[in-house]
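Have a look at the structure below, then the notes.
The numbers here are math on the coordinates, done by the rules we state, and not lab data. Remember, it's a predicted structure, so these values are computed and weren't measured experimentally. Virtual Cβ from ideal backbone geometry, glycine too; neighbours counted across all protein chains shown.
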Amino acid sequence: MSGAHQNSYLDGSDTYLGVCLEDGRSAYWLCTTKLENFEIDRQHGFRLTGFRARNAPTVKKFKKGDKMVIYIHSISRFGAIVEITSDYYHSEQKHWVDEDEMWPARADTKPIIVLEREQFLDVRKLIPSLSFVPKGRAWGMAFHGSIRSMPEDDFKLIESEMRKASILSKRSTTPQDASMDEENAKKSILGMEGLESKSLHDRLCEMLATVGTRMGFNAQTRFPITPEHAYELDVAWLRGKNPELAIEVQIGGNITEAKERLAQARRFNYRKVVMVIEQNQIKRLNGIIKFDDLKNWLEAWSIPSVYEMYTAAEQFFGYYDRLQESRYRERDELGLV
């Protein structure tokens, strides 16, 4: 992947004001490229990386085992993570699309995560959590330049979110079992034992609150966005008292009002917002949020997805609770769990 961005960082160099590790541990790098060069790298299996000759002092710091995040500057997305597999070398063999540059400062690589275009991770979703990114309008400065080191914690966060994007996309393209279409999911939810609520809407809220509680959140239903706020959320997952996830279950009712409640939740620091929606309403939702920044933070969950989440969580935490047990049980022999 070629370092195709022309600008440099605040000090005029192409290296972020972090440090490269000199004690043998792996270092973490951020490479900025253009979409055309990214796709060339995809075609060639992400087997090498290259930068301008003036970047050679930085590229010579690469070590085998270092990891590199590939950022596509024209669309503000993370697209891949690769591992460095060779030392620095110089090559003028043409590889990328730029007419006036061979990107001769090179090292070999191998792919770790490569996302498809529809999976690319929007950097704006992570900006509040990335320590190397300036907050506010100046966040783009962190991505000027071709190559720079980055903190390990930031790399781990990006890597985790990219793996989620890859897994969720693969899951969403897997055909659902015919028994788990929306109508059958509704019938299954309404027939479930152990839920106190009667209506489909309230049962979905109860299920999502239960999942949040089992995951360690302070999960609440009909929860005010703030103590003084007129709006209530259908479901809120809190970390103690701190907002994390806001959920609106849109079964009947006014979809615009539900969207506005989630927009208010984002304004009051909820990290993620979700609308549970019937399949025949997704087109309407997309029309409402088409020109709204909320679309960059919002996820739409189907009723079958909530059903699967709830039943999977019940099964998983049934096993997990057994692992948490630490009491003596007298037995003559063991049986399989």
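Before moving on, here are some points about what is shown:
- Within the range 93-132, the proportion of C-alpha pairs whose separation exceeds 11 Å stands at 77%.
- The range 28-170: Lys pairs at Cα distance under 14 angstrom, eight or more positions apart or on different chains: 7
- Going from the fewest other Cβ atoms within 10 Å to the most, the residues GLU152, GLU183 appear in the order GLU183, GLU152.
- Neighbour counts of other Cβ atoms within 10 Å put VAL276, VAL211 in the fewest-to-most order VAL211, VAL276.
- With neighbour counts taken as other beta-carbon atoms within 10 Å, the residues MET141, MET102, MET150 rank, fewest first, as MET141, MET102, MET150.
- Ratio of Rg to Rh for the range 28-170: 0.94 [Cα atoms; Kirkwood radius as inverse mean 1/r over pairs].
- Part-to-part distance (alpha-carbon centres) for the range 272-326 and the range 226-257, which is given in Å: 14 Å
- Kirkwood-based Rg to Rh ratio, the range 42-120, C-alpha trace: 0.96
- Overall dimensions of the range 236-307 as given by Cα atoms, namely Rg and Dmax in Å: 11.9, 36
- For the range 178-323, fraction of C-alpha pairs farther apart than 26 Å, in %: 24 percent
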